[in-house]
Amino acid sequence: MNPDSAVEPLSYTPEEAAAALGPEWTATLEKAYRWMALGRAFDARMQGLQRQGRIGFYGAATGQEAVNVAAGLASTSDDWVFPGLREQLVALVRGLPLEEYAHSIFGDALDPARGRQMPCHPTARPAHYVSMSSVIGTQISQAVGFAYALRHRRERGVVLAFFGDGATSSNDFHAGLNFAAVFDLPVVFCCANNQWAISVPAERQTAAASFAAKAPAYGLEGRQLDGTDFFAVYRELSMALRSARAGGGPVLLELRTYRLTPHSSSDDPRRYQPAGWAEEGARRDPVARLEAWMQAHDLLPADRRAKIAAAADTTVRAAVRAAEAAPPPAPETLTEDVYASRSSGPAEGTE
Ligand SMILES: Cc1ncc(C[n+]2csc(CCOP(=O)(O)OP(=O)(O)O)c2C)c(N)n1
Ligand SMILES: [Mg+2]
């Protein structure tokens, strides 16, 4: 481990790491680190492009990579993801091509949503990733309804329902958890508690001891986890998914993270975060923590780390180049996918 590093170490023995990640644990770790590095590089690049006026808006998930990569790797292709605001990396890990995501951010002609969505709202049906709703909390009850439908149709799959700490104050949180518990549905509720809802700190969001503490009131189990600890998140998510798949019902995982960047490109957290908050967050940076652990256990030699960083940079640059080379959506596509037929005027006999 780098002795100058202020990063809080992850205290796992290799045996404990293997127990958390399963038999192929070194391969899983390598994959996880690569995805985290890519997510981090993509976020940084997009924030830069937004400042240069090359994209209109961006919301980073910096600080939440351990949660997102663990969810992407621990879930199976049968599972479904209903994201909150910051789970785009889950879609990428589950198969959304980065170039396609870049096209959606630029809203160009190759964007599957044809430029009609805000940036960061990809839709990725093959990855079983539902388009994100900006309306806070609504995806929670939608996820639960979807899980009900899956079971009704006897289809396999567990629904991962993501939401932030702020969303726990929505009606949908109550309705969703209640319904899922009453009907024992295959849902893993993932509260990505990054401790802020824009400028509202988590302690102003609830008077409860934690967000996980709310679960027993609905009749399901709630667990609070360190969301910056990849091993813990992977282990607990895998267990929750396995249990829900086997008919064990829903669970609420509260994943405590740090939002290391502004809420979005429209925000300036220096106006409301207390002194020292960013420094505390940096010590719990999930990518730096995993990296330090891998280095300490000789699983990430310097040349390997440099190669992974270079590969992430190349991949991100290629995606941006492809998106910037694509033309804007043609104006005549404006009503495609909107109406069943584009014939003008009311149907015969309706006047
Ligand atoms: C119903 C609703 N109210 C308010 C907003 C404005 N808004 C956008 S993001 C946000 C905070 C969300 O915080 P949290 O759920 O913790 O998610 P995070 O942004 O931290 O990931 C709010 C209040 C909204 N989009 N929808
Ligand atoms: Mg939040």
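Projecting the Cα atoms of 115, 209, 93 onto the dipole axis of the range 14-325, where Lys and Arg carry +1 and Asp and Glu carry -1 at the beta carbon, places 115 farthest toward the positive end. Restricting the calculation to Cα atoms, the range 120-169 shows an Rg/Rh of 0.99 when the hydrodynamic-style radius is the Kirkwood one.
Over the chain, DSSP H runs of length four or greater, each weighted -39,500 (n - 2.57), average out per residue to a 222 nm ellipticity of -13500 deg cm²/dmol.
The equivalent ellipsoid of the chain has semi-axes of 32, 27, 20 Å, largest first, where each one is the square root of 5 times an eigenvalue of the Cα gyration tensor.
Counting Lys and Arg as +1 and Asp and Glu as -1 over every other residue whose Cβ lies under 12 Å from the Cβ of residue 249, the net charge comes to 0. For the range 27-79 versus the range 158-178, the inter-centroid distance based on Cα atoms is 22 Å.
The GNM of the chain, with springs linking C-alpha atoms under 10 angstrom apart, assigns the highest mean-square fluctuation among 63, 72, 48 to 48.
When the chain is treated as a Gaussian network with alpha carbon springs shorter than 10 Å, the biggest mean-square fluctuation among 119, 331, 14 belongs to 331.
In a GNM of the chain with a 10 Å cut-off on Cα contacts, which of 86, 153, 289 has the highest mean-square fluctuation? Highest fluctuation among the options: 153. Database remark: amide H of residue 162 closer than 5 angstrom to the amide H of 82, 84, 190 (H placed geometrically; neighbours at sequence offset of 5 or more, or on other chains; Pro and chain starts carry no H).
Measuring nothing but how far apart in sequence close Cα pairs (under 8 Å, 6+ apart) lie, relative to its length, the range 14-325 scores a relative contact order of 22 percent. Could you give the size of the charge dipole of the range 14-325 about its Cα centre, using +1 on the Cβ of each K and R and -1 on the Cβ of each D and E, expressed in debye and rounded to the nearest 20? That gives a dipole near 520 debye. Both the radius of gyration and Dmax for the range 231-328 are 19.1, 49 Å, in that order, over alpha-carbon atoms. Taking every C-alpha pair closer than 8 Å and separated by at least 6 residues, the mean separation divided by the residue count of the range 155-264 gives a relative contact order of 36 percent.
Using only side-chain charges placed at the Cβ, +1 for Lys and Arg and -1 for Asp and Glu, the dipole size of the range 116-216 relative to its Cα centre rounds to 380 debye.
Residue 307 contributes an accessible area of around 130 Å² to the protein surface, as traced by a 1.4 Å probe with all chains present.
Note that the range 169-180 has calculated 3J(HN,Hα) couplings of 8, 8, 4, 5, 4, 4, 4, x, 5, 4, 4, 4 Hz, one per residue in order, obtained from phi through the Karplus relation 6.51 cos²θ - 1.76 cosθ + 1.60 (θ = phi - 60°); glycine and proline are x. In order along the range 26-42, phi translates into HN-Hα couplings of 6, 5, 4, 5, 4, 4, 4, 5, 4, 5, 4, 5, 5, x, 5, 5, 5 Hz, rounded to whole numbers, per the Karplus curve 6.51 cos²θ - 1.76 cosθ + 1.60 with θ = phi - 60° and x for Gly and Pro.
The values are calculated or read from the model by the stated rules, or taken from the named source; none is laboratory data. What you are looking at is a predicted structure, and each value in this text was computed from that prediction instead of being measured. All Cβ positions, even for glycine, are placed from backbone atoms using ideal geometry, and neighbour counts span all protein chains on display. Accessible surface areas use protein heavy atoms only, side chains included; no ligands, DNA or RNA. Shrake-Rupley method; radii C 1.70, N 1.55, O 1.52, S 1.80 Å.
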